[in-house]
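> Sharing a structure, written as structure tokens. Questions coming.
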Amino acid sequence: MTLSQADHDIADLSLAEAGQVRIAWADGQMPVLRSIRERFERERPLDGVRIAACLHVTSETANLLRALIAGGAQAQLCASNPLSTQDDVAAALVADGVGVHAVRGESADAYGAHVIALASRAPQITLDDGADLLSVLHAGKEAWRSALIGGTEETTTGLLRLRALHDEGRLRCPVLAVSEALTERTFNDRYGTGQSTLDGILRATNMLLAGRTVVVFGYGWTGKGVVLRARGAGASVIVCEVDPLRALEARMDGCEVMPALVAAERGDVFVTVTGGRNVLAREHFERMKDGAMLANAGHFDVEIAVDQLAELASARRQVLPLVEQFEVGPQQRLNLLAEGRVVNLAAAEGHPAAVMDMSFANQALCVEHLARHGAQIEPRVLPVPPDIDREVTRLKLQSLGVLIDELTEAQRDYLTSWRGA
Ligand SMILES: NC(=O)c1ccc[n+]([C@@H]2O[C@H](COP(=O)([O-])OP(=O)(O)OC[C@H]3O[C@@H](n4cnc5c(N)ncnc54)[C@H](O)[C@@H]3O)[C@@H](O)[C@H]2O)c1
């Protein structure tokens, strides 16, 4: 299908061929989504449904759109972050007839206009990563939201905004919280962030982790993944926590657990992943060893107090493209990675396609659920139905060729009866 000029706004259509290669590579890492696409092709559960997606315009997202379109949807796409747009992928999608409105590095005005371009087509189902599309739909003309059946949301920040919209009594459709699905937590946070955080640290420094002491701040979903992979690389791991249960969990998992001020003297590499602020600050920097590396994997660049580090330092210089060295004392040089920004994105490539496979499989099944049942669901932020989580894991196991047992009827009866043996 050829699109008219008004149906898209991208950087350069001639990049389409390169984009197709990139999309095909990601497809090879996304067997779960692929199997959903094949079923959608047969069953067409989204026939004629108008879908608007405000997501990172990447090869993985392109494969999600391919699945939705295979299911019969009419899909449009704009960016949820202007910096992550892959222009060649946008071009490949447009060449395949998808209306894409995204240009890498676009201005805030252009970004806003692109979100409005999607909203003004009165979508029935939305996909968001940060809630920009649903926010614009709710703030804009009544006609834009007249056909809304439901939406999905990919991040915590987006859910916060949508819950606030609901609390004001203004949310017009159900929204499924994909970022809180168990598969998402496990794969995205633990395995995705765990591996890519280490990847970012290694790409930035090319250091050997074996034999080093890595201090991880926060033993939540993401912190556990960072710890797992750091230990796998041969590092000794110290965990700093403020939650007693998670601190105990870290101890029982075999990590040393101690207050941050004590750990500051012991660590070679420090990784913050708490969601909090000033987790590493002046009093910690002052105690650190010469050569310590500081990295943040939390969402915002506020976990390492870079301003305090700068105040403390007598000199600073760029020693590698992604490493800045701060001279704190005569024999104390501290190395800040990627300016304290989220290291797996700033120094590596974020989550691998195999992780996005699980997230986007959830997205595709949630869209199908909304198309079938959205009109009967009350307008609020809701968990992903457990059946969808289970189906995504079943398909993933199938793609890995892993077989598991099933309960016998007698076992199921026992587990569901109050009578006991
Ligand atoms: N880099 C990525 O790709 C990526 C992916 C997912 C989440 N995140 C971000 O990582 C951060 C953590 O997410 P999560 O899902 O693991 O959250 P979580 O709530 O499961 O875990 C955070 C943990 O940090 C602990 N904590 C808070 N303040 C602390 C402090 N000052 N010192 C020590 N521990 C402290 C909490 O007690 C909690 O156990 C968030 O900012 C989240 O947005 C990043």
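> In deg cm²/dmol, rounded to 500, what helix-only [θ] at 222 nm does the chain give when every DSSP H run of at least 4 residues adds -39500 (n - 2.57) and the total is split over its residues?
Numbers: 17 runs with 177 residues, N = 421.
Value at 222 nm, helices only, nearest 500: -12500 deg cm²/dmol.
> Place a +1 charge on the Cβ of each Lys and Arg in the chain and a -1 charge on the Cβ of each Asp and Glu, then give the dipole magnitude about the Cα centre in debye, rounded to the nearest 20.
Numbers: 41 positive and 55 negative charges, 93 e Å.
I would put it at about 440 debye.
> If r is the Cβ-Cβ distance from residue 228 to residue 146 and R0 is 51 Å, what FRET efficiency results, to the nearest 0.05? Before the final figure, lay out each step's value.
On the way: r = 48 Å, r/R0 = 0.93.
Once rounded, the FRET efficiency stands at 0.60.
> Region 191-230: D in µm²/s via Stokes-Einstein (Kirkwood Rh, Cα pairs, 37 °C, 0.692 mPa s)?
Values: Rh = 10.3 Å.
Translational diffusion coefficient: 318 µm²/s.
> Show log10 I(q)/I(0) for region 80-123 at q = 0.20, 0.22, 0.24, 0.27 Å⁻¹, two decimals, from a solvent-free Debye sum over equal Cα scatterers.
Debye output, listed in q order: -0.64, -0.76, -0.87, -1.01.
> Once you treat every alpha carbon in region 70-206 as an equal point and sum by Debye, what is log10 I(q)/I(0) at q = 0.15, 0.17, 0.21 Å⁻¹?
Cα-only, vacuum Debye calculation for region 70-206: -0.86, -1.06, -1.33.
> Quote the charge dipole size of region 163-307 about the Cα centre in Debye, to the nearest 20; the model charges only the Cβ of Lys and Arg (+1) and of Asp and Glu (-1).
Numbers: 17 positive and 19 negative charges, 60 e Å.
Dipole about the Cα centre, nearest 20: 280 debye.
> Further, regarding this structure: Determine the shape class of region 15-75: with a ≥ b ≥ c the square roots of the Cα gyration tensor eigenvalues, call it rounded for a/c under 1.5, and otherwise prolate if a/b is greater than b/c, oblate otherwise. Please list the in-between numbers first.
Numbers: a/c = 2.13, a/b = 1.38, b/c = 1.54.
Judged from the Cα gyration tensor, region 15-75 comes out oblate (a/c at least 1.5, b/c at or above a/b).
> Please work out the C-alpha center-to-center distance from region 143-187 to region 39-89 and express it in whole Å.
After rounding, the separation between the Cα centres reads 18 Å.
> For 111, 219, which order do you get if you count the other beta carbons within 10 Å of each Cβ and list the fewest first?
On the way: 111 22, 219 27.
Lowest count first: 111, 219.
> Continuing with this model, one more query. I want the local charge near residue 112. Using Cβ-Cβ distances under 14 Å, sum +1 for each Lys or Arg and -1 for each Asp or Glu among the other residues.
Details: positive: none; negative: 9, 106, 109, 132.
Here the charged neighbours net out to -4.
> May I ask which residue of 321, 51, 361 lies farthest towards the positive end of the charge dipole of the chain, with charges of +1 (Lys, Arg) and -1 (Asp, Glu) on Cβ and the Cα centre as origin?
Of 321, 51, 361, it is 361.
> Which value in Å is the Kirkwood Rh of region 361-421 over different Cα pairs?
It works out to 14.5 Å.
> Let me ask something additional. Just to confirm the filter: which GluC sites (Glu not before Pro) across region 145-247 are DSSP coil and have at most 10 other Cβ within 10 angstrom of their Cβ? Show your work: numbers first, answer last.
Details: sites: 153, 154, 168, 180, 184, 241; in loops: 154, 168, 241.
Loop-located and lightly packed - 168.
> Subtracting the Cα-Cα distance from 0.36 nm times the residue separation, let me have the gained length for residue 252 to residue 166 in nm, one decimal.
Numbers: separation 86, 0.36 × 86 = 30.96 nm, distance 3.98 nm.
Residue separation times 0.36 nm, minus the Cα-Cα distance, leaves 27.0 nm.
> Please work out the FRET efficiency for the pair residue 316 and residue 398, using the Cβ-Cβ distance as r and a Förster radius of 45 Å; give the result to the nearest 0.05. Please list the in-between numbers first.
On the way: r = 52 Å, r/R0 = 1.15.
Once rounded, the FRET efficiency stands at 0.30.
> Would you mind estimating how fast the chain diffuses translationally, via Stokes-Einstein at 25 °C and 0.890 mPa s with the Kirkwood radius over Cα pairs, in µm²/s?
Working: Rh = 23.1 Å.
Reported coefficient: 106 µm²/s.
> A further question follows. Determine the shape class of region 30-142: with a ≥ b ≥ c the square roots of the Cα gyration tensor eigenvalues, call it rounded for a/c under 1.5, and otherwise prolate if a/b is greater than b/c, oblate otherwise.
On the way: a/c = 2.12, a/b = 1.35, b/c = 1.57.
In terms of gyration-tensor shape, oblate.
> Looking at region 269-417, I'd like the Rg to Rh ratio, where Rg is from alpha-carbon atoms and Rh is Kirkwood's inverse mean 1/r. Could the numbers behind the result be given before it?
Details: Rg = 23.9 Å, Rh = 19.6 Å.
Value, to two decimals: 1.22.
> Within 10 Å, Cβ to Cβ, of residue 217, how many net charges do the neighbouring residues add up to if Lys/Arg are +1 and Asp/Glu are -1? Walk me through the intermediate numbers first.
Numbers: positive: none; negative: 241, 303.
So the environment of residue 217 carries a net charge of -2.
> Between the helical axis of 194-205 and the dominant principal axis of the chain, each derived from Cα atoms, what acute angle in degrees is found, rounded to the nearest 10?
50
> Same structure again: Do any chymotrypsin sites (Phe, Trp or Tyr not before Pro) in region 235-303 lie in a loop, going by DSSP, with at most 15 other beta-carbon atoms within 10 Å of their beta carbon, and if so which? Don't skip to the end; give the middle numbers.
Working: sites: 270, 285, 300; in loops: 300.
Taking region 235-303 and a limit of 15 other Cβ atoms within 10 Å, the loop chymotrypsin sites (Phe, Trp or Tyr not before Pro) found are 300.
> What angle, in degrees between 0 and 90 and rounded to the nearest 10, separates the Cα long axis of helix 16-28 from the longest principal axis of the Cα atoms of the chain?
Computed tilt is about 80 degrees.
> Quote the charge dipole size of region 83-234 about the Cα centre in Debye, to the nearest 20; the model charges only the Cβ of Lys and Arg (+1) and of Asp and Glu (-1). Before the final figure, lay out the partial values.
Working: 15 positive and 17 negative charges, 116 e Å.
That gives region 83-234 a dipole magnitude of about 560 debye.
> Mind checking region 158-193 for trypsin sites (Lys or Arg not before Pro) that DSSP puts in a loop (not H, G, I, E or B) and that have at most 13 other Cβ atoms within 10 Å? Before the final figure, lay out the partial values.
On the way: sites: 161, 163, 170, 172, 185, 190; in loops: 170, 172.
Sites meeting the loop and neighbour criteria: 170.
> Beta carbons within 10 angstrom, averaged per residue: use that to sort the peptides 404-410, 58-64, highest first.
Working: 404-410: 8.0, 58-64: 25.6.
Packing order, densest peptide first, comes out as 58-64, 404-410.
> Once both axes come from the Cα atoms, what is the angle between helix 156-167 and the longest principal axis of the chain, in degrees from 0 to 90, rounded to 10?
60
> Something else about it: Along the positive direction of the dipole of region 107-231 (beta-carbon charges: Lys, Arg +1; Asp, Glu -1; about the Cα centre), which of 230, 138, 211 reaches farthest?
211
> How much length is gained if the chain between residue 265 and residue 327 is pulled fully straight, taking 0.36 nm per residue apart and subtracting their Cα-Cα distance, in nm to one decimal?
Numbers: separation 62, 0.36 × 62 = 22.32 nm, distance 1.65 nm.
Once the chain is fully extended between residue 265 and residue 327, it gains 20.7 nm.
> A further question on this structure: For region 250-299, rounded, prolate or oblate, judged on the Cα gyration tensor with a ≥ b ≥ c (square roots of eigenvalues), a/c < 1.5 rounded, else prolate if a/b > b/c?
On the way: a/c = 1.63, a/b = 1.12, b/c = 1.45.
Oblate, because a/c is 1.5 or more while a/b does not exceed b/c.
> On to the next question. Which one, 309, 250, 370, projects farthest toward the positive side of the charge dipole computed for the chain from Cβ point charges (K/R +1, D/E -1)?
My answer, from the dipole projection, is 250.
Where a number appears in this text, it was derived from the coordinates with a stated rule and is not lab data. Everything quoted here is computed from the prediction, not taken from an experiment. Note that each Cβ is placed from the backbone with ideal geometry, even for glycine, and that neighbours are counted across all protein chains shown.
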